[in-house]
Amino acid sequence: MPGNIVQLAAAIAIAVSASVVAVAAPVGNAKRGTDIYTRCQACHALDYNRTGPKHCGVVGRKSAGVPGFDYSTAMKRANLTWDERTLDRFLANPPKMVPGTTMTYAGVPDPQERADLIAYLGAAGNKAPCR
Amino acid sequence: MSFFDYPNVVIARRTMLARSGAVLSGAAVALLTGRDVLAATAGDAAAGDIRILNTALGAEYEAIAAYQFGAESGLLQKPVLDLAVTFQGHHKEHADVLSKTVQKLGGAPVAAKAKYDFPVATLKTQADVLNFAATLEKGAVSAYLGAVPLFADRDLAKAGASILGDEAMHWAILRQALGMPPVPVAFMS
């Protein structure tokens, strides 16, 4: 059964790759993310819209998903769901991931800082002022 | 002991404020003169720069409104009230330059919103208002720091950095007014 052996080898390779990725991905720390979030506060708040949309509930939300917020055309067309993976990509370089976004910010280059920030955003959604 | 208990630091603050005005004026002149360079900035690059300027302009309008709220709150006492009005004046200058530059580039500047949301329920004292303002100013430093590398036109990047410097001075002085170390870090991010 050479075919089965190839399939098994492929499955093992995928599993190993996935485990390597899982190990390599930084684990976010919401407490550290609190400090990093201060960088966002020229334009964002958790519980109300400003120059940028509010962040309560952002993890799991569709892009351009805050009712009543005046998103850019680019963001309206992005068709993303904000999870840890997409937020990580976006926060690394917003204009690169969504060209034309009005989030004209070069991004957070440090993967650990991005993980911390995303952990903070996730945790913030479960307590005041979001709840 | 607060910042305003130190006469020598008050003198330093006044000196800094005067200097910040001079820096911005220089940038404003650079933005509003010699616009042939900007006029020649083409296509996508200009569109990207207009987008950056308009995002900054929107944030500046909000800062103006925030200081207006603070000034009218009845919570700020002199000389802190004067400080807030001075900083609001800087943000008005920033907004004016940003708006005119967007127009020079052929774009449409964003307008100020009719109404801004602020966390009014949490602002009960002068310290609350100063903390809120300091949070906005620190965010502004980070926002300009994140915007400066994106400008296609290096003159605009320079002007953005000039505004960044002004926001950083606001943040430091607000922290000192709160009795906090004015410059807690060697690098901003």
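The values are calculated or read from the model by the stated rules, or taken from the named source; none is laboratory data. All values reported here derive from a predicted model rather than from experimental measurement. Methodologically, a virtual Cβ is constructed for each residue, glycine included, from the backbone with ideal geometry; neighbour enumeration extends over all protein chains shown.
Can you name the helices (runs of 4 or more DSSP H) wholly within segment A:62-131 that have at least 1 residues being within 21 Å of A:Asp47 (Cβ to Cβ)?
A:73-76, A:84-92, A:111-124
Which one is surrounded by the fewest Cβ atoms within 10 Å (Cβ to Cβ), of the residues in segment A:42-62 that are in contact (Cβ under 8 Å) with a residue 24 or more places away in the chain, more than 11 Å from chain B (Cβ to nearest Cβ) and at negative phi?
In this case the residue turns out to be A:Val59.
At pLDDT 95 or above, touching an Asp or Glu at 6+ places or on another chain (Cβ under 9 Å) and closer than 14 Å to B:Ala133 by Cα, is that true of B:Phe87?
Considered against the rule, which asks whether it is at pLDDT 95 or above, touching an Asp or Glu at 6+ places or on another chain (Cβ under 9 Å) and closer than 14 Å to B:Ala133 by Cα, B:Phe87 comes out as yes.
Residue by residue, here is whether (1) within 22 Å of B:Asp49 (Cβ to Cβ); (2) touching a residue at least 12 places away in the same chain (Cβ under 8 Å); (3) out of contact with any Pro (no Cβ under 7 Å at 6 or more places or on another chain) holds:
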residue	(1), (2), (3)
A:Ala78	yes, yes, yes
A:Arg89	no, no, yes
A:Gly100	yes, yes, yes
A:Met103	yes, yes, no
A:Pro111	no, yes, no
A:Leu121	no, yes, yes
A:Gly125	no, yes, yes
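Does B:Tyr61 meet the test of being outside any loop (DSSP other than H, G, I, E, B), within 11 Å of another protein chain (Cβ to nearest Cβ) and aromatic (Phe, Trp, Tyr)?
yes
Of the numbered conditions (1) buried (at least 18 other Cβ atoms within 10 Å of the Cβ); (2) among the hydrophobic types (A, V, I, L, M, F, W, C); (3) within 11 Å of chain A (Cβ to nearest Cβ), B:Val97 fails exactly one; give the number of that condition.
(3)
Can you tell me which residue within segment B:112-157, out of those that are of a type in the set (Gly, Ala, Ser) and surrounded by fewer than 17 Cβ atoms within 10 Å (Cβ to Cβ), is farthest from the other protein chains (Cβ to nearest Cβ)?
B:Ala127
When you check B:Val102 against the structure, is it modelled with pLDDT of 95 or more and in a helix (DSSP H, G or I), yes or no?
yes
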